[in-house]
Amino acid sequence: MLRALAVDDERPTLEELVYLLNADPRIGTAEGASDTTEALRRINRALETGPGGPDAIDVVFLDIQMPGLDGLDLARLLTGFARPPLVVFVTAHEDFAVQAFDLKAVDYVLKPVRRERLAEAVRRVAEQRGTAAVPAPRIPVHEPDPDHITVELGGVTRFVPVDEITHVEAQGDYARLHTDRGSHLVRIPLSTLEERWRARGFVRIHRRHLVALRHVGELRLDAGTVSVLVGTEELQVSRRHARELRDLLMRRP
């Protein structure tokens, strides 16, 4: 059973997160800390008593923007420990995802926290800790709408038409969807979207980018470097994808 510590300076949010964690059958105990100083003190105590001790912590569910030492700072400190707990970031801000995964975070959960999304984060932690035998809570699964993709931010669920997406950028285990009106972060690997949207005219042009052929305005060649213009943004095309992209652009309606 996993032993969790939740860290958030907003008391109602912290209490809700601890409640949801304790409701998951894979969590043995979940406690809260209202700032990173208190969290670091508890983590130090856990490391002193060892993984089998009464104060052991397997995973920290960590907010990012907090007074004083923030969540990213704490995660950096933890990388210096010999046997640190795993880290899952829980935040209202999508802009720190790349930094979070650079710090080896297991997951990056956006607020407000949904029970099923938190259950997925716990599953990832359980897999890494080798405690995945306890089944996850049953959550209804709905077939995705092929013409839209669901994105969530700040408690608002939006259904973005796939045809409006100009290109997709890999950001760790996430993908950033770009449209003419802005961008959205989703917890789907770029390779999954590549396979899902291949028939809709999305092609890989680089290890970090997919583009929608319909939105490519120009193909540029400059001193051996190939790029495409998508809207007002110029994206580099890797050498291995250049020939296929050119052929597809020439054949498009």
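The values are calculated or read from the model by the stated rules, or taken from the named source; none is laboratory data. This structure is a prediction, so every number in the text was calculated from the model and none was measured. Positions of Cβ are generated from backbone atoms using ideal geometry, with glycine treated the same way; all protein chains shown enter the neighbour counts. Areas reflect the complete protein model, heavy atoms only, side chains present, ligands, DNA and RNA absent. Shrake-Rupley method; radii C 1.70, N 1.55, O 1.52, S 1.80 Å.
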Just give me the residues in segment 163-185 being part of a strand (DSSP E or B), over 12 Å from H209 (Cα atoms) and more than 13 Å from the chain's Cα centre (by Cα), in sequence order. I165, T179, G182, S183
Could you count how many residues in segment 50-59 are over 16 Å from V88 (Cβ atoms) and either in contact with a Ser or Thr (Cβ under 9 Å, 6 or more places away or on another chain) or open to solvent by 60 Å² or more (accessible area, probe 1.4 Å) (or both)? 5
Can you confirm whether segment 77-87 contains a residue that is in contact (Cβ under 8 Å) with a residue 60 or more places away in the chain and within 23 Å of D173 (Cα to Cα)? yes
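Is there a residue in segment 6-19 that is outside any helix (DSSP H, G or I), buried (at least 21 other Cβ atoms within 10 Å of the Cβ), among the acidic types (D, E) and in contact (Cβ under 8 Å) with a residue 40 or more places away in the chain? Give the steps one after another, and end with the answer.
Going residue by residue through segment 6-19, those that are outside any helix (DSSP H, G or I) are 6-10.
Then drop every residue that is not buried (at least 21 other Cβ atoms within 10 Å of the Cβ), which leaves 6-8.
From what's left, among the acidic types (D, E): 8.
Restricting the remaining residues to those that are in contact (Cβ under 8 Å) with a residue 40 or more places away in the chain gives 8.
Scanning segment 6-19, I find at least one residue that is outside any helix (DSSP H, G or I), buried (at least 21 other Cβ atoms within 10 Å of the Cβ), among the acidic types (D, E) and in contact (Cβ under 8 Å) with a residue 40 or more places away in the chain, so the answer is yes.
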Please tell me if D58 is in contact with a strand residue (DSSP E or B) (Cβ under 8 Å, 6 or more places away or on another chain) and more than 30 Å from H184 (Cα to Cα). yes
Output the qualifying pairs, or none if there are none: Cβ atoms under 7 angstrom, residues six or more apart or on different chains, first residue in segment 94-122 and in the same structural domain as D58 (by the TED database), second residue at pLDDT below 85 and acidic (D, E). F101/D173; L110/E94; L110/E152
Buried (at least 21 other Cβ atoms within 10 Å of the Cβ), within 30 Å of R176 (Cβ to Cβ) and either in contact (Cβ under 8 Å) with a residue 12 or more places away in the chain or not assigned by the TED database to the domain that holds A175 (or both) - does that describe any residue in segment 33-42? yes
Among the residues of segment 88-104, which ones are open to solvent by 40 Å² or more (accessible area, probe 1.4 Å), within 22 Å of D58 (Cβ to Cβ) and among the aromatic types (F, W, Y)? none
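List the strands (runs of 3 or more DSSP E) inside segment 211-253, counting only whole elements, that have at least 1 residues being assigned by the TED database to the domain that holds E195, free of Cβ contacts under 8 Å to residues at least 24 places away in the same chain and polar (S, T, N, Q). Lay out the reasoning, then the answer.
Numbers: elements: 216-222, 225-230, 233-237.
Correct list: 225-230.
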